[in-house]
Every structure is written in C-alpha cells, then in structure tokens.
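K.L.:
Here's a structure for you.
The values are calculated or read from the model by the stated rules, or taken from the named source; none is laboratory data. It should be emphasised that the depicted structure is a prediction, and the values quoted were computed from it without experimental measurement. Here Cβ is always computed from backbone atoms with ideal geometry, including for glycine, and neighbour counts include all displayed protein chains. For the accessible areas, the whole protein counts, side chains as well, though only heavy atoms, and no ligand, DNA or RNA atoms are used. Shrake-Rupley method; radii C 1.70, N 1.55, O 1.52, S 1.80 Å.
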Amino acid sequence: MSATSTQPKSPARRRFLQDAARGTAGCAVAGMSLAWFVQDARALPDRAIRPPGALPEDDFLAACIRCGLCVRDCPYDTLVLAELGIDGAATGTPFFTARDVPCEMCEDIPCVVACPTGALDHELTDIDDSRMGLAVLIDQENCLNALGLRCDVCYRVCPVIDEAITLERRHNERSGHHAIFMPVVHSDHCTGCGKCEKSCVLPGEAAIKVLPIRVAQADQAEHYKRSWDENTPLVDEIIDLPDRLPGTGTDNLAAPGGFEPTFKLPQGATTGGVGQ
Amino acid sequence: MSDKTALPVGAEAIRDKGYWLAYRFLILRRLSQSFFLSLFLLGPWFGIWWVKGNLSGSLTFNVLPLTDPFISLQSIVAGHWPEMTALIGALIVGAVYALIGGRVYCSWVCPINPVTDAASWLHRKLDLPKGWQPKRGTKYFMLAMVLGVSVLTGTVAWEFVNPISMLHRGLIFGVGFAWALVIGVFLFDLVLARRGWCGHLCPVGAFYGLLGGKSLLRVSALERAACDDCMDCFAVCPEMQVITPALRGKDADSPLILSPDCTNCGRCIDVCSVNVFHFTHRFDETPAPGRVRDRTNPAPKVGKAA
C-alpha cells in the first residue's frame, strides 16, 4: 500500500463523492423500478383499440401526452382515456372498446385534428385509410351465417360494405342442398372501426371481433412466391425443353416407330398399367 | 429566538393584521387552484367547453393551445418530435412560468399542492418528527432519472406514475385507482418525510424550478430589520431554506429570495406580523438594511433551530 492512500482526503471531497454515489444509486434503483413499471404498463390489451391514425404502439407512447383532446372532440363518445387499474391500456391514453361504442368513421376525423402532438398521425386525411385494427370472424361455430342462416348484420352495417366484408357463397354440407353465406373480411379495406363487432346479434361476446393488426394479421411468407400476384418467373427466359411426345422412342411403344429399349427393364415394368 | 416563538404559528399576524391579511395569499392560492381546476371541469360537468383537455395539454376557447413543457421534453427525448400545436403550447407555458416563477405552477396551479399542504398542516398539528429528509439535490437526480428512463424506454416515462396528472386527469376524465397514488403522496408527506414530495422528490417541481431560475416575480425580505424572530415564516414555508439568505442577510446582501426552490406562495407574507416580506421583481434594489446587531451581543443562531 502506498503512503498516499493512507493520507486523509478532504472531508468536502469525501462528502461530495458520497452524496454523488448515493444520489446515483438511488436514481438507479428508482429508475429501474420506473422502467420496469413502464415496460409492464405498456402491454396494450387486445381488446383496447387505438383511435384512427394512432402511431404504432411504441411510437404512440412516446408521442401521446394523455391530454384527452381526442376524447373531447369525438362526437360519438367512442374514445375514452384509460383509468389506472381499471382499463388495461397505459393510464390516460385514449382507446375504444368496439363492442361498447365503435368508431363511426367521421369523414373529417376530428380526433386526429384535435391531437396536438401527432400521436394520431395528421397525415391521415381519408378515414378509409385508417387501420385501427382488423375484424376477424373469430367464432365460426356460433356465427349465424356460418350455421347457414341469413343474419348478415355485420355485412350490412359495415361502412365499407362489399369491400371490407363480403359474403362468400359456400355449399352447406349439413343440409346438403343449401348455401352458406360466409362473412369474409378483407384487410385491404377493413379500417377496424368495429361496427360489425358492435352489431353482432349474439348475446355477450361477438362472433366477429376487431383485433389489433399485430394480433390479427400474420406476416406474409416471403419465401413463397405467389405466381398469381407477381409475374416474376424463377428463370428469366422460357426454357425450351426437348419435345418427346408424341414422337417415337423407348417411352412410347404405342406410337408408330416405337421400339424396345436396348437395356433390360425390370420384370413387368413395360406392361404395367393398361394390360393388367 | 423571541418569546413569540412559542405562540401558535400565525397568531400574532391574525391579531395585528386581521384574518384577511393573515391568510390573504393562502386564500388567493386556494382560489387560484380551484379556478384552474374548475376551468377544466366546466366542460365535463356543465357542458361549457371553454377549456378542453387537462394540465398535460389543453385547448382554450378553441384557439389557445397549452402544453406541459416537461411532458413535451420527455416526448422529445423519447424520440417523438411533436406537432407544431404542442410545441407552441409548450413554449407559451414555458415562457409564462419563466417570467413569473417556475414553481408558481407548484403553489398556485398544481392539484397536488392542497394535498401536500394538508399533510404538512396535519404534520404540524400532530407535532410529528420530520422523518426522512432527502438532500435538496435529490429532485434533480429524479429529473435526470425520468429523462433517462424516457430515453431508454422511448416513452413519456413520468406520465406512467405522475400523481399530478393522475389526480388532475382523474377528476376530469375518471379517476380509476389513481386516488391511491394521491393518498400515497399524502401519507408519505405526513408520516415518512415532512414536505418530502414536492420539495425533495417531485421531478416536475424540479423542472419548473429550473425553468423559472431567472424569473422576474420574487418575494423580498424588504423590511428584514423589523424581524422579531417569531419563526412563523420558517414554520409555514414549504422550502424554508430559501428564507435564510434573504432574511438573515447583512446590509450588503440582497433581501430578494432568489432561490429557484421558492414557489412564490406568499405564505411568509401572510404570517409575518411585522410585514417583513413583499412581492416585488428581481431587479428591485431598494436598500434593505439587515438587522442591527450589537457586536458584543450577536444574534443567536436561529437558522439551525429552523
């Protein structure tokens, strides 16, 4: 041990270092608690649907100041601010529950206009472009249309009727001679307004529900090619393979000029099929 | 320390100045707090939508946007550049508090202030021990911590727990279990740490204090020569450390209370029976002689007793 390390340091310096260390340690503990709480609290429940134009959830929580101006300007009282410990969304952030009050898709989108921070993206000017969520016919056993009845309510109330929801005619296997008009949602038109969920006639839970897109939609399989969507063949040019049928050769004995192969085929190989 | 120290806090002021002057700024402050709260409540309760929103962000008469600058700052460090409306609102609020004193927000507007004032009043009545007293700088560590967590999590971090906005938003939009946080702050101040929350820990207060560090509106111990050491101002002041340099200063020292911790609550003006304190501006250079002391009989060290 060197002589200098046993020298008493200045008390002021020592106090400063102690205070700084205590403050830093205290802040680290408090900061970790807060960070943990933030991570925990920002898990958005699947039934809480954000307003039109809401940024992706991670960006939304950086942008939303929880002022509630979107709630105030919503003419249908659709939007509410989450209450601590009651609603699952981060406290004070706006959301709606489609089964209670769905979005009426106002053409002037007052909630987005009211947002002072851009947590609701001001780029959204056509409500048909909004993607609050995606409707999913989640219970295909109790949906009346799926049972072969003609309820059609979700289809009828859809603000983007015949585009966001279509009725696809199928054969009714149960009766054998009726049709099933199956409601089918199309993600390229569904805004996630929730009017279908609200109006589903089933008691209690709806058969068709609006879910956040992150829950409702899978990622496209990039490693499969959809030949009907994209006209990009695997090879650049058409490969002209040699034509073999219906010409003469060892694989077409029936054609005029067909001949037996020079090599020995396994027993029965040449007579397989028609003759037996 | 004088014989008056033993009297109940504010007793001489009521006797000498009357009830109104002895409680003037306290009453005005409660009126101000009620006024700002009721502005926001007019809409949801009576359908008069002069002011929409809450203290985090609001729109008055559909023209004037106001935004909390501290929340905007967290939003920016979290990675979101707000729209112009929010930025203008934050600039207006920031400019006003930079002029009249940042912590004027704390004592004249903040809805948590009546809660911690009530805790402090009860604390004095029950004569409880002062408990844990974090260092004065702790709130700046808290401020740094909140901004750090905002950066790390990419969120407006303090708004997940902020008792101020929880209470204010709760009263206007529906409270949920946010009242638990308010009771928590009350009990913390009452039992664990006297004047613990607002002065020592709250990062919002720390931010506004820094914002108003050079503000114009100040309290001055202009008549400090008349001080009779009754200690009532120290008893009622939520940031009692700010009084000493002004009140106990020598002739050459400024009588202005220049600490950013001072909330301009004016309570010291109320309780002083000899009218030592006045509101003035920071450039007020009216000469204010210190108390005349006999060199052979120096003033007792009252600062420590406080």
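K.L.:
Expressed as an acute angle from 0 to 90° and rounded to the nearest 10, what is the orientation of the C-alpha long axis of helix B:113-126 relative to the principal long axis of chain B?
P.N.:
Helix B:113-126 sits roughly 40 degrees off the main axis of chain B.
K.L.:
From largest to smallest, what semi-axes in whole angstrom does the stretch A:47-176 give when each is the square root of 5 times an eigenvalue of its alpha carbon gyration tensor? Provide the component values of the computation, followed by the final result.
P.N.:
Details: eigenvalues 225, 54, 29 Å².
Value: 34, 16, 12 Å, ordered largest first.
K.L.:
Using all alpha carbons of the stretch B:187-300, what is the percent of pairwise distances in each 10 Å bin, ordered from the shortest bin to the longest?
P.N.:
Pairs per bin, as whole percents: 14, 42, 31, 12, 1.
K.L.:
Among the aspartates and glutamates, select those whose C-alpha is under 20 Å from the C-alpha of A:Lys225, and discard any that sit fewer than 8 residues away in the same chain.
P.N.:
Correct list for A:Lys225: A:Asp188, A:Asp236, A:Glu237.
K.L.:
While we're on this one: For the interface of chains A and B, what total accessible area is buried with a 1.4 Å probe, rounded to the nearest 100 Å²?
P.N.:
Separately minus together, A and B give about 3200 Å² buried.
K.L.:
Would you work out which of A:Asn231, A:Leu202, A:Gln220 lies farthest towards the positive end of the dipole of the stretch A:193-241? Charges go on Cβ: Lys and Arg +1, Asp and Glu -1.
P.N.:
Final value for the positive-end residue is A:Leu202.
K.L.:
Next question, about the same structure. Most mobile of B:Val236, B:Val93, B:Val63 per a Gaussian network model of chain B (Cα springs, under 10 Å)?
P.N.:
The residue with the greatest mean-square fluctuation here is B:Val63.
K.L.:
Tell me the mean residue ellipticity at 222 nm calculated for chain B from its helices only (DSSP H runs of n ≥ 4, each -39500 (n - 2.57), averaged over every residue, nearest 500).
P.N.:
Per the formula, -14000 deg cm²/dmol.
K.L.:
Right, next: What part of the accessible area of the stretch B:50-211, given as a whole %, is carbon or sulfur when the probe is 1.4 angstrom?
P.N.:
Answer for the stretch B:50-211 is 75 percent, counting heavy atoms of protein chains only.
K.L.:
Here's another thing I want to ask about it. Using a 1.4 Å probe on protein heavy atoms, which residues of the stretch B:129-149 have at least 10 Å² less accessible area in the complex than alone?
P.N.:
B:Lys135, B:Phe141, B:Met142, B:Met145, B:Val149
K.L.:
Here's another thing I want to ask about it. Strictly greater than 13 Å: what percent of every Cα pair in the stretch A:191-242 meets that?
P.N.:
Roughly 74 percent, rounded to a whole number.
K.L.:
Okay, moving on. Stretch B:Leu192-B:Ser254 to full length: gain in nm at 0.36 nm per residue minus the Cα-Cα span? Walk me through the numbers on the way to the answer.
P.N.:
Values: separation 62, 0.36 × 62 = 22.32 nm, distance 3.50 nm.
That pair, B:Leu192 and B:Ser254, stretches by 18.8 nm at full extension.
K.L.:
Could you give the accessible area per residue of chain B, probe 1.4 Å, as a whole number in Å²? Walk me through the intermediate numbers first.
P.N.:
On the way: 13790 Å² over 306 residues.
That works out to 45 Å² for each residue.
K.L.:
Continuing with the same structure: Please list, by residue number, every one of the chymotrypsin sites (Phe, Trp or Tyr not before Pro) in the stretch A:1-96 that is coil in DSSP and has at most 13 other beta-carbon atoms within 10 Å.
P.N.:
Filter output for the stretch A:1-96: A:Tyr76.
K.L.:
Mind checking which of B:Gly209, B:Gly94, B:Gly18 has the largest fluctuation in a GNM of chain B, springs on alpha carbons under 10 Å?
P.N.:
Looking only at B:Gly209, B:Gly94, B:Gly18, the biggest GNM fluctuation is shown by B:Gly18.
K.L.:
Return P(r) of the stretch B:50-211 (all Cα-Cα pairs; 5 Å bins starting at 0; whole %; ordered from short to long distances).
P.N.:
All Cα pairs, binned at 5 Å, distribute as 2, 9, 16, 20, 22, 16, 9, 4, 2, 1, 0 percent.
K.L.:
Name the residues of the stretch B:66-82 whose accessible area falls by at least 50 Å² when all protein chains are present instead of the chain alone, probe 1.4 Å?
P.N.:
B:His80
K.L.:
If N is the number of residues in the stretch B:140-228, what value comes out of its Cα radius of gyration divided by 2.2 N^0.38 Å?
P.N.:
The reported ratio for this selection is 1.40.
K.L.:
At q = 0.09 Å⁻¹, what base-10 log of I(q)/I(0) does the Debye formula yield for the protein assembly as shown when every alpha carbon is treated as an equal point scatterer in vacuo?
P.N.:
Log-scaled intensity ratios, in q order: -0.83.
K.L.:
Using modelled amide H (1.01 Å from N, peptide plane; none on Pro or chain starts), what sits under 5 Å from the amide H of A:Val101, excluding residues fewer than 5 places away?
P.N.:
Result for A:Val101 returns nothing.
K.L.:
What chymotrypsin sites (Phe, Trp or Tyr not before Pro) does the stretch B:99-182 have in DSSP loop regions with at most 16 other beta carbons within 10 Å?
P.N.:
When the chymotrypsin sites (Phe, Trp or Tyr not before Pro) of the stretch B:99-182 are filtered for loop state and at most 16 Cβ neighbours within 10 Å, B:Trp132, B:Phe177 remain.
K.L.:
Any idea of the accessible area per residue across the stretch A:46-105, 1.4 Å probe, to the nearest Å²?
P.N.:
Heavy-atom accessible area per residue stands at 32 Å².
K.L.:
Any aspartates and glutamates with Cα under 18 Å of the B:Lys250 Cα? List them, leaving off those in the same chain fewer than 8 positions away.
P.N.:
Hits, sequence-local ones excluded: B:Glu223, B:Asp228, B:Asp229, B:Asp284, B:Glu285, B:Asp294.
K.L.:
Would you mind checking the tilt of helix B:178-187 against the longest principal axis of the Cα atoms of chain B, expressed as 0 to 90 degrees and rounded to 10?
P.N.:
20
K.L.:
Give the average, rounded to an integer, of partner chain Cβ atoms located within 10 angstrom of each Cβ in A:79-87.
P.N.:
For this peptide, the per-residue mean of nearby foreign Cβ atoms is 5.
K.L.:
In vacuo Debye scattering of chain B, one point per C-alpha: log10 I(q)/I(0) at q = 0.13 Å⁻¹?
P.N.:
Once normalised to I(0) and log-transformed, intensities are -0.98.
K.L.:
Quick one: dipole size for the stretch B:50-211, taken about the Cα centre, charges +1 on Lys/Arg Cβ and -1 on Asp/Glu Cβ, in debye to the nearest 20.
P.N.:
520
K.L.:
How much of the accessible area of the stretch A:148-227, probe 1.4 Å, is carbon plus sulfur, in whole percent?
P.N.:
Using a 1.4 Å probe with all protein chains present, the stretch A:148-227 comes out at 49 percent carbon and sulfur.
K.L.:
Can you check how the C-alpha radius of gyration of the stretch B:1-144 compares to 2.2 N^0.38 Å, as a plain ratio?
P.N.:
1.35
K.L.:
Using only alpha carbon positions, build the gyration tensor of the stretch A:80-137, then give the equivalent ellipsoid semi-axes as the square roots of 5 times its eigenvalues, largest first, whole angstrom.
P.N.:
Sorted largest first and rounded, they come to 21, 17, 10 Å.
K.L.:
Treating the beta-carbon of each Lys and Arg as +1 and of each Asp and Glu as -1, no other charges, what is the dipole magnitude of chain B about its Cα centre, to the nearest 20 debye?
P.N.:
Working: 29 positive and 21 negative charges, 84 e Å.
Approximately 400 debye in magnitude.
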